[in-house]
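First up is the structure itself, then whatever we jot down about it.
The values are calculated or read from the model by the stated rules, or taken from the named source; none is laboratory data. This one's a predicted model, so the numbers in the text were calculated from it and none came from an experiment. Please note: Cβ atoms are built from the backbone with ideal geometry, for glycine as well, and neighbour counts cover all protein chains shown. Ligands, DNA and RNA are excluded from the accessible area calculation, which covers all protein heavy atoms including side chains. Shrake-Rupley method; radii C 1.70, N 1.55, O 1.52, S 1.80 Å.
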Amino acid sequence: MNDIRRTFLWVILGFSLVMLWDQWQVYSGRQPTFFPPKPTAASAPAPVSSVMPPAAASAPVAASAAVPANQSAAAPAAAAPHERIVVSTDVLQLTFDTEGGSLVKSEFLKYPLSSGDAQPFVLFDDSAERVYLAQSGLVDGLFPNHKTPMKFIGERKLADGANELALRFESPDVGGVRLNKIYTLQRGSYALGVRHEIVNTGSQPVDPRLYVQLVRDGNKPPGESTFYSTFTGPAVYSDAKKYQKIPFTDLEKNKASWEKTAPDGYVAMVQHYFASAWILPSGAQRENFARKVADNLYSVGMLQSMGSIEPGASKTLEATLFAGPQREKMLQDITPGLELVKDYGILAILSKPLYWLLDKLHGVLGNWGWSIVALVVLLKIAFFWLNAKAYASMARMKAINPRIMEMRERLKDNPQEMQKEMMRVYREEKVNPLGGCLPIAVQIPVFIALYWVLLSSVEMRGAPWLGWITDLSARDPYFILPILMAITSLLQTSLNPAPPDPMQAKMMWFMPLIFSVMFFFFPAGLVLYWVTNNTLSIAQQAVINHRLGVPVKINLPKFGKS
């Protein structure tokens, strides 16, 4: 009866840990890891023509502000013709719309859609399957906005030997104001300089506010795994409140919270490996907004006052629009805090130095797979003495295990006496039953942090390791690494002393099997890390057993009747 109760307690404890981890994922703004929600049919994105920042939607001029310049609010006319402008640098191919001078498509020429694919990865997009745009304009009056037709001036390709490409979009006079947008693209850069020139062409002073916003649907990015989840959605950063994720579900329920005003920071849209962000100069107070704008369509952005502009005068605001991969050092160089879009969760304090060390190893070895192996080796060396204490304790437990088993059989009808005798044996042999667990528990946060480093690093995407592993961010196509992981996990379990309780002993065999099956669908880089760690742990355990005179013996479970 006691064995059955203990088994139920073990099962309940294991299931509770899984549920707690899943809820922590949700709390952190991610999708659940083990129990992801059932996919819902992707609703068609709403027309982007209706997507205006909150000020335009709530101000008295909202009805007119949302109408393109060549239309009247009373009698809508046919939409003005607009053109798609495709420009390219050495790393980007961008598509702009002359309607508002908005960025409507971004293709990353150095990042294929998937391993071995000739098609580049697309982030911004305006198609039947995806809506993800970068827009800007003026509010608080009938002023040019992202629906205003504009004239394009500039070249469409970065010239050989040139380091800069300038694109200019000019609006007509709208409400006595002209808005010019000048995009500056740099060679090798994913950050675009965006200069907004506001010219008062009327006879009265104007006091507009500039908005910049990112608009996207709430659909899961293509190719995302259902076995692990990463955050997708808006984020707001300020020096005061730091990095704040805003889940789409919170916007749906009107429960989202973030820093509404700040003199610095950025707004971003984040997904696995890639991100976009609008960055305004520090020093001027701006309003941060995020909202659901239509069915399955969301926006995040900033509003900044331009102050009064006298007739004939103009004002300029420099902004930065980032659209690219989450390469940590590159993000740090663009603006402080932007590297946080690469989300390490609550263990960032451990993950950042681990990534730094992994990057340094890659600089020496030149291969991300071997760098993962080398990093695990260094971690095992760093924790050698802790592991030695754990394995020594396990070896001593293994040595006295026959006495414990004999005692359990002899005193099985007297559990109190059994416990007393077991504690006496532990004292005499100077064995701590928890001695093998505590040193290993200390290391768990480090290895969870390394898990997030490998899961979130875009450098793993498309990176080959050895032979059949051509992409460390994709699952092993032949399941060789997951099979090796299952074998090494079971071998590691077999070298440990069997728990005195037969049911607990069987549970100790089921857990690594369940864990290994999950990893059949995880990225190869993560599985490589676990296989390396298991292999080194087995080797160290065998060496310590040998030194203590405990023969290496494989303890197989007994699945028959006790």
Open item on the list: With the requirement that a residue be β-branched (Val, Ile, Thr) and modelled with pLDDT of 90 or more, what does segment 512-553 give you?
Closed with: Val527, Val531, Thr532, Thr535
- [ ] Show the residue pairs that are 6+ apart or on different chains and have beta-carbon atoms under 6 Å apart, the first residue being within segment 199-211 and modelled with pLDDT of 95 or more, the second being among the acidic types (Asp, Glu) and part of a loop (DSSP other than H, G, I, E, B).
- [x] Thr201/Asp173; Pro205/Glu310; Pro208/Asp140; Arg209/Asp140
Open item on the list: Tell me whether segment 85-93 contains one or more residues that are free of Cβ contacts under 8 Å to residues at least 60 places away in the same chain and at negative phi.
Closed with: yes
Task: Those residues of segment 398-408 which are modelled with pLDDT under 70 and of a type in the set (A, V, I, L, M), in sequence order - done: Ala399
Open item on the list: For segment 350-367, which positions are open to solvent by 30 Å² or more (accessible area, probe 1.4 Å) and among the aromatic types (Phe, Trp, Tyr)?
Closed with: Trp356
Open item on the list: Quick test of your reading of the structure: Asp125 fulfils all but one of (1) within 30 Å of Asp471 (Cβ to Cβ); (2) buried (at least 23 other Cβ atoms within 10 Å of the Cβ). Name the failing condition by number.
Closed with: (2)
Open item on the list: I'd like to verify a number: residues in segment 191-226 that are surrounded by 15 or more Cβ atoms within 10 Å (Cβ to Cβ) and touching a Pro at 6+ places or on another chain (Cβ under 7 Å), how many?
Closed with: 6
TODO: Report yes if some residue within segment 332-341 is at pLDDT 95 or above, more than 23 Å from Pro221 (Cβ to Cβ), of a type in the set (Val, Ile, Thr) and crowded, with 17+ Cβ neighbours inside 10 Å; otherwise report no.
DONE: yes
Task: Selection count, segment 179-190, where residues are touching a residue at least 40 places away in the same chain (Cβ under 8 Å) and either open to solvent by 10 Å² or more (accessible area, probe 1.4 Å) or under 30 Å from Phe515 (Cβ atoms) (or both) - done: 4
Task: Enumeration of residues in segment 295-307 that are within 28 Å of Ser127 (Cβ to Cβ) and open to solvent by less than 40 Å² (accessible area, probe 1.4 Å) - done: Asn296, Leu297, Tyr298, Ser299, Val300, Gly301, Met302
- [ ] Starting from residues that are out of contact with any Lys or Arg (no Cβ under 8 Å at 6 or more places or on another chain), in a loop (DSSP other than H, G, I, E, B) and modelled with pLDDT of 90 or more, keep the ones in segment 473-500 and report whichever is least open to solvent (accessible area, probe 1.4 Å).
- [x] Asp476
- [ ] Filter segment 245-279 for residues that are touching a residue at least 60 places away in the same chain (Cβ under 8 Å), assigned to a strand (DSSP E or B) and open to solvent by less than 10 Å² (accessible area, probe 1.4 Å) and give the result.
- [x] Tyr266, Ala268, Met269, Val270, Phe274, Ala275, Ser276, Ala277, Trp278
- [ ] Could you tell me whether any residue of segment 165-178 is without any contact (Cβ under 8 Å) to a residue 24 or more places away in the chain and of a type outside the set (A, V, I, L, M, F, W, C)?
- [x] yes
Task: Candidate set from segment 217-242 (those that are touching a strand residue (DSSP E or B) at 6+ places or on another chain (Cβ under 8 Å) and outside any loop (DSSP other than H, G, I, E, B)); member that is nearest to Tyr273 (Cα to Cα) - done: Gly233
Open item on the list: Let me spell it out: the conditions are (1) more than 17 Å from Gln326 (Cβ to Cβ); (2) open to solvent by less than 30 Å² (accessible area, probe 1.4 Å); (3) modelled with pLDDT of 95 or more, and Lys292 meets all of them except one. Which number is the exception?
Closed with: (2)
Open item on the list: Whether any residue in segment 100-116 is open to solvent by 30 Å² or more (accessible area, probe 1.4 Å), of a type in the set (Lys, Arg), over 32 Å from the mean Cα position of the chain (by Cα) and at pLDDT 95 or above is what I want to check.
Closed with: no
